[in-house]
Amino acid sequence: MTKTFAACRLDGLIELHDQHPGDGYFAIAEGDPAELRRVIDLTADPVAGLAWRVPGIRQEAEPRANLGAIASYIRHLSTQDAPGVRALGV
């Protein structure tokens with residue numbers, strides 16, 4: 001099974017990677033590419049129809065507030081009953 005990682009930077013824009021994203025990113029979840037994309041599509045805020053943003057992220061917010069939004073989103077993903085997807089960092 002191929003594993004895909006969902007990750008974001010402090011701006012909350014979610015990206016999908018074929019390997020762990022590394023420094024500068026917050027790993028959000030990992031799993032089956034199609035199922036991970038489906039879960040993110042259902043739970044994240046759409047951006048221009050082709051991307052997603054972590055809910056609650058505000059460009060003008062203090063970094064600590066955006067970190068809180070990312071942590072809340074990871075906790076929310078951990079409650080989803082999505083086979084083959086696992087929230088990270090909880």
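The values are calculated or read from the model by the stated rules, or taken from the named source; none is laboratory data. Please read all numbers here as calculations on a predicted model, not as lab measurements. Here Cβ is always computed from backbone atoms with ideal geometry, including for glycine, and neighbour counts include all displayed protein chains. Surface accessibility is based on the protein's heavy atoms, side chains included, excluding ligands, DNA and RNA. Shrake-Rupley method; radii C 1.70, N 1.55, O 1.52, S 1.80 Å.
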Inset, instruction - Please give the helix 33-43 orientation as an angle from the longest Cα principal axis of the chain, in degrees from 0 to 90, rounded to the nearest 10. - result: 40
Inset, instruction - Could you tell me which of rounded, prolate or oblate describes the stretch 32-81, using a ≥ b ≥ c as the square roots of the eigenvalues of the alpha-carbon gyration tensor, with rounded for a/c under 1.5 and, failing that, prolate when a/b is larger than b/c and oblate otherwise? - result: oblate
Inset, instruction - Output the peptides 27-33, 57-63, 43-49 sorted from most to least packed, where packing is the average of other Cβ atoms within 10 Å over each peptide's residues. - result: 27-33, 43-49, 57-63
Inset, instruction - Calculate what fraction, in whole %, of the accessible area of the chain sits on carbon and sulfur atoms when a 1.4 Å probe is rolled over the protein chains. - result: 51
Inset, instruction - With runs of 4+ DSSP H residues as the only contributors, calculate the mean residue ellipticity of the chain at 222 nm using -39,500 (n - 2.57) per run, divided by the residue total and rounded to the nearest 500. - result: -9500 deg cm²/dmol
Inset, instruction - Let me have the relative contact order for the chain, percent, based on Cα pairs under 8 Å that are six or more residues apart. - result: 30
Legend entry - Cα centre as origin, Lys/Arg/Asp/Glu Cβ charges: the stretch 47-90 dipole, Debye: 60
Inset, instruction - List the equivalent ellipsoid semi-axes of the chain in whole Å, largest first, each obtained as the square root of 5λ for an eigenvalue λ of the Cα gyration tensor. - result: 20, 13, 13
Legend entry - Translational diffusion of the stretch 1-50, µm² s⁻¹ [Kirkwood Rh, Cα pairs; Stokes-Einstein; 20 °C; 1.002 mPa s]: 192
Legend entry - Distance in nm between pseudo-label sites at LEU42 and GLU62 (7 Å out along the Cβ direction from Cα): 3.5
Legend entry - Dipole in debye (nearest 20) - the stretch 2-55, about Cα centre, beta carbon charges: Lys, Arg +1; Asp, Glu -1: 80
Inset, instruction - Write down the accessible area per residue of the stretch 1-89 in Å², having rolled a 1.4 Å probe over the full set of protein chains. - result: 60
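Where the only charges are on Cβ atoms (+1 Lys, Arg; -1 Asp, Glu), what is the dipole of the stretch 27-70 about its Cα centre, to the nearest 20 debye?
100
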